[in-house]
Amino acid sequence: MGLRISQVDAFTDTPFEGNPAAVCLLPSARDDGWMQSVAREMNLSETAFLVHQADGFGLRWFTPAVEVALCGHATLASAHLLWEEGHLPPARQARFHTKSGLLTGDRAGEWIELDFPAKREEAAPAPPGLAEALGVTPTYVGRNQFDYLVEVDAEATVRRLTPNHAALAALPVRGVIVTSRADSAGYDFVSRFFAPGSGVPEDPVTGSA
């Protein structure tokens with residue numbers, strides 16, 4: 001019997017915008033190689049695989065290249081699919097057992113609220129080649145267990161970045177967040193997320209970085 005794979009555009013209410021994730025609800029666990037092959041075939045920043053458990057769902061995420069320990073938009077997409085297709089009653093909490101622990105989602109009207117671990121960064125020296133790979137001079141560099149966080153001087157600097165993806169891929173992290181305070185009215189900050197070492201040159205929108 002074939003398996004259904006759905007594509008969900010997260011962080012948007014407009015078709016073909018936001019950040020698309022593939023979601024596959026499995027009848028039973030599959031091996032890592034099979035899931036990685038499916039994610040490579042989907043060729044989206046993440047493909048989520050769900051398996052029903054006694055207290056929720058097991059959830060794993062794969063980019064086209066590797067498995068990742070945390071992903072925001074594919075978790076949001078998974079919760080949406082479970083409610084939208086009737087796998088969970090509307091009032092029941094979505095509970096996901098993951099490599100980052102228990103993650104939960106709750107419906108709040110037309111919104112979905114996710115409870116994610118706070119992976120705070122600490123100030124860190126810039127690794128060799130980071131500034132050169134980005135083509136900017138950082139005003140701050142921090143790091144948590146997943147990513148480097150790089151602050152730059154202005155929104156325009158973030159927008160015009162054309163990083164060296166091969167050089168970024170050599171860094172020993174999931175990805176690099178580049179951010180600044182926003183100059184555009186109505187926004188607090190702007191950011192971009194590059195993860196070529198994880199098979200994602202640039203993520204359109206990110207929920208965990």
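Nothing in this text is a laboratory measurement; each read-out follows from the coordinates by a stated rule. Remember, predicted model here, so these are calculated numbers, not experimental data. All Cβ positions, glycine included, derive from the backbone under ideal geometry; neighbour counts span all protein chains shown.
Whole Å is fine, so just give me how far the alpha carbon centre of region 71-121 lies from that of region 135-209.
So the separation of the two Cα centres works out to 25 Å.
Can you give the convex hull volume of the alpha carbon atoms of the chain per residue, in Å³?
Spelled out: Cα convex hull of the chain, divided by residues, is 133 Å³.
Using Cα springs under 10 Å in a Gaussian network model of the chain, which residue among 87, 73, 97 shows the largest mean-square fluctuation?
87
Quick check of the Kirkwood formula: for region 122-203, what is the inverse mean of 1/r over all pairs of different Cα atoms, in Å?
The answer is 12.6 Å.
Rounded, prolate or oblate: pick one for region 143-183, where a ≥ b ≥ c are the square roots of the eigenvalues of its C-alpha gyration tensor, a/c under 1.5 means rounded, and failing that, prolate if a/b is larger than b/c, else oblate.
oblate
List the GluC sites (Glu not before Pro) within region 1-73 that fall in a DSSP loop (any state other than H, G, I, E or B) and whose Cβ has at most 16 other Cβ atoms within 10 Å.
Answer by residue number: 17.
Across region 5-115, what fraction of all alpha-carbon pairs, as a whole percent, falls in each successive 10 Å bin from zero upward?
Over region 5-115, the share of Cα pairs per 10 Å bin runs 15, 51, 30, 3 percent.
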